[in-house]
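S.K.: The following block contains the structure, expressed as structure tokens.
No lab work stands behind these numbers, since they all come straight from the coordinates. Small disclaimer: the values here were computed from a predicted structure and weren't measured. Neighbour counts are summed over all protein chains in view; Cβ atoms, including those assigned to glycine, are modelled from backbone coordinates with ideal geometry.
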Amino acid sequence: MQTEGENMSVNITIQPTPNPNALKFILDKFVKTVGSSSYKSPLDAKDNQLASALFTIRGIDQIHFFENVITVSKFGFEDWDSAEPQVIETIQSMIVNHNPDYHDSDPEAERRMALTPDLLKIEEILDRTVRPGLQGDGGDLKTLSYNKEDHVLMIKYQGACGSCPSSSTGTLEAIKSILRDEFDPELDVYIAPE
């Protein structure tokens, strides 16, 4: 679906994701020029006016900015029929004042500086193979720990991946397969509980 109009500042194409509770709003303008941003609450988004405004829509659960895509996740009890037009209207009204060059603090960079060499290698593999697809669908993952003796990697999903039904089946199996091929043939991957 594409929305167009004489007074609209941006064209928006809406695309589904593997998560039925998440939609990608693809703009003809960048919303984040470098990296990505995930917001799980209005407090997380307090420095991003566009994200803050999206959280005022009833039922919005998470928001993810990546390049020219805003992925919006909603709670399962809400329907897209009422939320989708409000998301479009909010983006249209707020995009004029949104600076895509904004800078979030980067706790991920700080986290990676403290990782073990094994976890750094795992992150490099995930950055190259898995993350582009997850980020393209409005999500991501974070490695939490790797136990070398037990060959167990603990991960946590972010953004739309956190509530996606395939995150605990197909996506998890793909992650295991890639990491077994490129890192540890005996590796097992588990999703950390919330």
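S.K.: Nearest 10 degrees, 0 to 90: what angle lies between the long axis of helix 170-182 and the longest principal axis of the chain (Cα atoms)?
M.R.: In the chain, helix 170-182 runs at an angle near 40 degrees to the longest axis.
S.K.: Which angle between 0 and 90 degrees, to the nearest 10, do you get for helix 80-94 versus the longest principal axis of the chain when only C-alpha atoms count?
M.R.: It is inclined by approximately 80 degrees.
S.K.: Still on this model: So which trypsin sites (Lys or Arg not before Pro) in the stretch 142-191 pass both tests, a DSSP loop state and at most 13 other Cβ atoms within 10 Å of the Cβ?
M.R.: Numbers: sites: 142, 148, 156, 176, 180; in loops: 148.
Qualifying residues, ordered by number: 148.
S.K.: For the chain, take the longest principal axis of its alpha carbons; what is the angle in degrees between that and the long axis of helix 117-129, to the nearest 10 within 0 to 90?
M.R.: 50
S.K.: Going by how many other beta carbons lie within 10 Å of each one, how would you line up 77, 25, 55, fewest first?
M.R.: Working: 77 7, 25 24, 55 21.
By the 10 Å Cβ count, ascending: 77, 55, 25.
S.K.: Okay, next question. What does the convex hull of the alpha-carbon atoms of the stretch 45-87 project to on average, in nm²? Please list the in-between numbers first.
M.R.: Values: hull surface 12.1 nm².
For the stretch 45-87, the mean projected area of the Cα convex hull comes to 3.0 nm².
S.K.: Continuing with the same structure: If you average 1/r over every pair of different alpha-carbon atoms in the chain and take one over that average, what Kirkwood value in Å do you get? Can you show the working numbers first?
M.R.: Numbers: mean 1/r = 0.0568 Å⁻¹.
Its Kirkwood hydrodynamic radius stands at 17.6 Å.
S.K.: Determine the distance separating the Cα centre of the stretch 39-96 from the Cα centre of the stretch 103-161; give it in Å without decimals.
M.R.: Answer, in whole Å: 24.
S.K.: Then there's this: Can you give the charge dipole size of the chain about its Cα centre, rounded to the nearest 20 debye, using +1 on the beta carbon of Lys and Arg and -1 on the beta carbon of Asp and Glu?
M.R.: Details: 17 positive and 32 negative charges, 34 e Å.
Dipole about the Cα centre, nearest 20: 160 debye.
S.K.: What spacing in nm lies between the two simple spin-label points modelled at residue 116 and residue 174, each 7 Å away from Cα in the Cβ direction?
M.R.: Between residue 116 and residue 174, the simple spin-label model gives 2.7 nm.
S.K.: Among 161, 115, 145, whose Cα lies farthest out toward the positive end of the dipole of the stretch 107-191, if unit charges sit on the beta carbon of Lys, Arg (+1) and Asp, Glu (-1)?
M.R.: Result: 161.
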